[in-house]
Structures are given as structure tokens and as C-alpha cells.
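All remarks here apply to the structure that follows.
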Amino acid sequence: MAYESELALRLVPYTAGEQPKDRQFIKLNTNENPYPPSPAVEQAIAGLCPSLRLYPDMEATQLREAIARVNGVEADQVFCGNGSDEVLAFAFAAFFAGKKLLTPDVTYSFYPVYANLFGVEHQAVALRDDFTVDVDAMLQGCPMALANPNAPTGIELPQCQIRRMAQHAKDNGAVLLVDEAYAAFARETAVSLLSEFDNLLIVRTFSKSHALAGMRVGYAIGSRRLIGALRRIRDSFNSYPLDRLAQAAATASILDVDYTARTVSLVVAARDRAYTRLRKAGIDVLPSATNFLFVKAGEDAAPVQQALRSEGILVRHFSSARLKSWLRVTIGTTEDMEKVTDALIRLIKG
Ligand SMILES: *Cc1c(COP(=O)(O)O)cnc(C)c1O
């Protein structure tokens, strides 16, 4: 007999990118925003200290109303959690536990971890050779989850393909989860499909486009039925996932639509410029609808990652066979991007 549960012994946890404590790096390894949050955030949380003796609003009412307004849905179609990671975990428990789930083989690597935690039978469906999602192979009568745009490829699947998947899932009484962590940097979102599909759950985060990774706020949009199931899971786990500071910060941030649009467009412009420069230098880089680029850096990209690190630049490398030639480079400021693009061209093209 062991002290640990069978579950604790068999889990294979998620590995997050490095958060350095000592040195100053150009930090392009965890898809954070290079710009600060909206100035409205600082104002919103400034006077809140005395109120912290009281529990927060467990329904995050103001925040849900703000999210609903910005996305053109009703507040009871919105669910908020402590980072989208928590929202995803609740969704796995609410819709996939005890079932078989299909995801692309290359996608957000937290999905297999949650599958393992919640007793979900997980089948990984190989991406096509060009790193796009093989939608035909995904349609097997099961629930499905994917990131769109996908990570770490950055490639966006057009809405007509999301619709096909939603329809197929609906015909089979299953949920389609679309993780839109990067939708702000993309062309399309699946939100307009919500009026047709009560089995569609869209998950978003404040960590990337709203520069609030340190606050931990994520949300889901879906039918009242799906939101109800998420609330039942939450209230069986932690009734207060969002603290008062996080609710106030996220509300101020999402209502400052102009600031978000401005900073997102700076990131998109820096991304497109870096993409063009790398392409012109003859480097393989996937078309990105996100705040990162997936760049081919030799047979094994690990030495290039190490060389960048010694020059003070952090990027992400995944060691699996399919991904080991590639680096995921978060889009930073215009200046950061000039530096990392110069370094990549020098290191890869020598
Ligand atoms: C960053 C990311 C998340 C996690 O977001 P948090 O809100 O910070 O937990 C979820 N899904 C994808 C695809 C991501 O890239």
C-alpha cells in the first residue's frame, strides 16, 4: 500500500514554459503579451483592499455581463474560471469524463493531462503533413476538443470546418470544445455558431490578448445547458474560483475595447513583419493567426533554443518527434522581434 492514491501515482502532469527568476531575458516562451494591461485595470483594483475580507461574488456577475456584452450573447451563457486552464478542466469533467474524446495529436498539451485526470479515453488524431487539422479524421461520433487557432502551430481552421465538426458532434449527442485562447489575433471566431449549436463550448482567456496572465482569468461561452453543467462541477470543487481583484481587473480590461484592439494590432503587425523576414531568409515558418510563430530551426531545434538562451532570448521547444525541428516564438515588442529575427536568421542560416 502506498501513501498516494492510484490517481496521484499515475498522473503525468503538464510542463509549463520556464518563468526565470534571476536573469533579465527577452521572454518569448510562454505567449504572454509584451504590453501592460489596460490602464483601466490599475484603477479598478486600486481601492479594493478593504473589501478583501469579504468573499467575492461567486457568479462574477459584472464580469459575465461585460463579457456577454462584448461578445453579443446573454450573461447566462458565460462561465468564468481561474484561468482558462481551470475552465478547460471543468469542461473535461462536465462533458468528457467516462467518454471517448478526440483531439488533434498536435494541440495544447494540457488536454491529454486532463483526460488522464478525469478518466477520459483520449484518441489523438494526426494532423495532416502541412500541420492543418484533419477534420475528416476527427468525425468519429465522439466529443471533440481543439484549439483554434491551434497551438503550437498557430494555424487557424476556417469557421466552415468548425461548423462541420459542431454539426457532426450535435448529430451524435456530443460536445465540441473550441479553445479560442488566440482568437483575438485571428480572422474568425466561432461565436456566431452559438445560436445554431447548443453543443458548442468556446473557451477564452485573459492571459494573452488582455495581458492578464498573472491574474488568472478565463471564461467559456455556450448554451445555458452547457453553462449549467460547468456550474455544477465548479460548485462541487470550489465555489469562488475568481477573487475580487481578478473580477475587477478582467471587467475593466474587457470593457477597454480600444486598448485591446490597439495592443493586439501592434502584436499582429510585429508578427507579420517577423514572418515575412524569416520567409525571405528562406526559413520555414507556419502561417500564424496567433501571438506566436512556429519556426523550423534545423533537424533538432534544441541547439538553436540553447544558443538563443545564451543570448538572453527565451523561446519554447517541444521535444516530441513531430515537433523537435521547430521553435515556438512568442511575438514581443517590435524591438524584441527585430532582435530575435536577426538571431534566428544568423543561427539557422549561418
Ligand atoms: C495559454 C493557453 C491556455 C491557458 O490559458 P490560461 O487562461 O492562462 O490558463 C489555454 N489554451 C491554450 C490553447 C493556450 O494557449
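The values are calculated or read from the model by the stated rules, or taken from the named source; none is laboratory data. These numbers were taken from a predicted model, which means no experiment stands behind them. With ideal geometry, Cβ positions are generated from the backbone for all residues, glycine too; neighbour counts draw on all protein chains shown. Just so you know, the surface numbers come from the protein's heavy atoms only, side chains and all, with ligands and any DNA or RNA stripped out. Shrake-Rupley method; radii C 1.70, N 1.55, O 1.52, S 1.80 Å.
Calculated from the alpha-carbon coordinates, the range 88-181 shows an Rg and a Dmax of 12.0, 33 Å respectively. Here the accessible area is traced with a 1.4 Å probe on the protein chains. For the chain, carbon and sulfur cover 51 percent of it. Computed from backbone phi with θ = phi - 60° and the Karplus coefficients 6.51, -1.76 and 1.60, the 3J(HN,Hα) list for the range 203-215 is 10, 10, 9, 8, 6, 9, 5, 9, 6, 10, 4, x, 8 Hz; x is used for glycine and proline. Around the Cα centre of the chain, unit charges on the Cβ atoms of Lys, Arg, Asp and Glu (plus for the first two, minus for the last two) sum to a dipole of about 360 debye. Under 5 Å from the amide H of Ser223 lie the amide H atoms of Leu200, each residue being 5 or more positions distant or on a separate chain, with H modelled from the backbone and absent for Pro and chain starts. Go through Thr15, Pro56, Phe118 and say which Cα lies farthest out towards the positive end of the charge dipole of the range 1-151; charges sit on Cβ, +1 for Lys and Arg, -1 for Asp and Glu. Going by the Cα projections, it comes out as Pro56. Taking a ≥ b ≥ c as the square roots of the eigenvalues of the alpha-carbon gyration tensor, the range 93-243 is classed rounded because a/c is under 1.5. Label the range 227-315 by shape, choosing from rounded, prolate and oblate, from the square roots a ≥ b ≥ c of the eigenvalues of the Cα gyration tensor; if a/c is under 1.5 it is rounded, and otherwise prolate applies when a/b is larger than b/c, oblate when it is not. The shape class here is prolate. Net length available on complete extension from Arg224 to Ser51 is 59.2 nm, with 0.36 nm assigned per residue and the Cα-Cα distance removed. Taking 0.36 nm per residue of separation and subtracting the current Cα-Cα distance, fully stretching the chain between Lys21 and Lys100 would add 24.4 nm.
For the chain, what does the helix formula give at 222 nm: sum of -39500 (n - 2.57) over DSSP H segments with n ≥ 4, over the residue count, nearest 500 deg cm²/dmol? Per the formula, -11000 deg cm²/dmol. Entry note: the chain has Rg to Rh equal to 0.96, where both radii use alpha-carbon atoms and Rh is the Kirkwood radius.
Packing-based ranking of 172-179, 98-105, 119-126 yields 172-179, 98-105, 119-126, ordered from highest to lowest mean Cβ neighbour count within 10 Å. Once you have a ≥ b ≥ c as the square roots of the Cα gyration tensor eigenvalues for the range 193-252, tell me rounded if a/c is under 1.5, and otherwise prolate or oblate according to whether a/b is larger than b/c. Cα axes put the range 193-252 in the oblate bin. 3J(HN,Hα) along the range 27-32: 9, 10, 10, 9, 6, 6 Hz, from the Karplus curve 6.51 cos²θ - 1.76 cosθ + 1.60 with θ = phi - 60°, whole Hz, x for Gly and Pro.
Near Leu101, the amide H atoms lying under 5 Å from its own belong to Glu121, His122, Gln123; only residues 5 or more places off or on other chains count, and H is placed 1.01 Å from N. In this view, the solvent-accessible surface of Val268, computed with a 1.4 Å probe and all protein chains in place, comes to about 40 Å².
Between Gln140 and Asp76, what is 0.36 nm times their sequence separation minus the Cα-Cα distance? Round to one decimal in nm.
Numbers: separation 64, 0.36 × 64 = 23.04 nm, distance 3.08 nm.
The span from Gln140 to Asp76 would gain 20.0 nm if fully extended.
Spatially, the range 317-341 and the range 249-283 are offset by 16 Å when compared through their Cα centroids.
Compare the Cα positions of Gly332, Ala250, Gln305 along the charge dipole of the chain (+1 at Cβ of Lys, Arg; -1 at Cβ of Asp, Glu; about the Cα centre) and return the one farthest towards the positive end. The residue sitting farthest along the positive end of the dipole is Gln305.
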